[in-house]
Amino acid sequence: MPHILLSKKNTETHFNGPIKSVKIAFTYKKENIDYYQDYKIDNDLKGGNFEFYENGLIKTNSRYNFKMDSLNIFRPIIPKKSINFEYNEEDLKKSFQITPNIKYYRNVYSELLYYNPTYYVYEYDIGNGLEKGLIEYIYKYVYDDKGRIKQQKYYNPPHLYDFTPYKVAKEEDLYYTITYHYNDKNQVIKQEIFPGYNEKSDYYPLYIYVLSIDMIIPENNGGKLEVQYQYDKQDRITQISLYDFNEDGTLLAAQSNYTYHSTKDFVEKSENYFEYNVTDWNYPTKRWVSHFNEQGDIIKREFTKDYPEQSTSDTTTRFYEYEYDQYNNWIKCYLYLEGQKVKGDPTLIAERKIEYYE
């Protein structure tokens, strides 16, 4: 089995209301602070510059860095890449009709429980001329006699200098297969993930979306991955565990435990563990705890050092506070990244310009 990369899946779309577009800029940075500090916390803030279709799906993700000028206009200063999303309309209709018996909560990353519509991604390198690429995602499903998803197959047809979606899945383009297992409440309790036949899997990572973290799992020689879910009496997910089955046995590769507010129905804390190297700068250690407010935004993140000598600057506790608009989307964030929250002395300030459909 090839290396498997567990990657983020549109967790940036953490918004309320008829969202049309979002632009983010860091408008203040304390002197003598690590140049890359804003990159390190990008995922904390659900960073990105987006345009949305009216149904709420991402239309464009432009990887610019924006800066607010003297007229309070967000202007792109470092063009990087624009990614445009198109969806198969028939498949999309089905995706809105099929929903497993699961309660959705922000910061509970159970993306594999949701129906994935077939879609196409066009990438443009804005910084070095108009270089275009096409990535095609095709999902096929098998259903049981109760209408539940029994099996999901993900295909990734290769596109080299051609920009027309095939819209047809071939078996040799199979990237992975997922089988679903349910309890008597129709809740997904286990998913088994098997590698496919795609020839690229010999040297490319296989993208699987679990727990919204970039993490590389070493080659496990034909084994499988297994995701297990636990629920409380209110049918809320309390734990997601990822197991790696390889020639050396079974390894707990990742796990997140969720705590809900005692009186208000939101996730107030997640405790996280990842065995393998996390490639995202946002997570410098294998263990960390995240705290959230009622809006679902992070307000504190604590790290546990992997070893005593690990850099304190990498593992310093982070604090966040926000200003919100009429839809309860934050428009200004004060970040305290030096181990303590001192009012009036943030490390960074981020602002967002948000447009809505009328």
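Tell me the accessible surface of ARG352 in square angstrom (1.4 angstrom probe, heavy atoms of protein chains only), to the nearest ten.
Accessible area, nearest 10 Å²: 20 Å².
Treat each spin label as a single point 7 Å out from the Cα along the C-beta direction, and report the ARG106 to THR315 distance in nm.
Result for the modelled spin labels: 3.0 nm.
Measure off 7 Å from each Cα along the Cα-to-Cβ vector at ASP232 and THR250, then give the distance between these two points in nanometres to one decimal.
2.6 nm
Here are some pairs, LYS132/LYS286; LYS30/LYS264; LYS233/LYS332; LYS185/LYS300; LYS185/LYS269; LYS269/LYS305; which of them have Cα atoms lying more than 30 Å apart in this structure? Provide the component values of the computation, followed by the final result.
Numbers: LYS132/LYS286 36 Å; LYS30/LYS264 36 Å; LYS233/LYS332 37 Å; LYS185/LYS300 34 Å; LYS185/LYS269 25 Å; LYS269/LYS305 19 Å.
With Cα atoms farther than 30 Å apart: LYS132/LYS286; LYS30/LYS264; LYS233/LYS332; LYS185/LYS300.
The values are calculated or read from the model by the stated rules, or taken from the named source; none is laboratory data. Note that the structure is predicted; figures quoted are calculated from it, not measured. Reconstructed Cβ throughout: ideal geometry from the backbone, glycine too, with neighbour counts over all protein chains shown. To get the accessible areas, we keep the full protein, side chains included, count just its heavy atoms, and leave off ligands, DNA and RNA. Shrake-Rupley method; radii C 1.70, N 1.55, O 1.52, S 1.80 Å.
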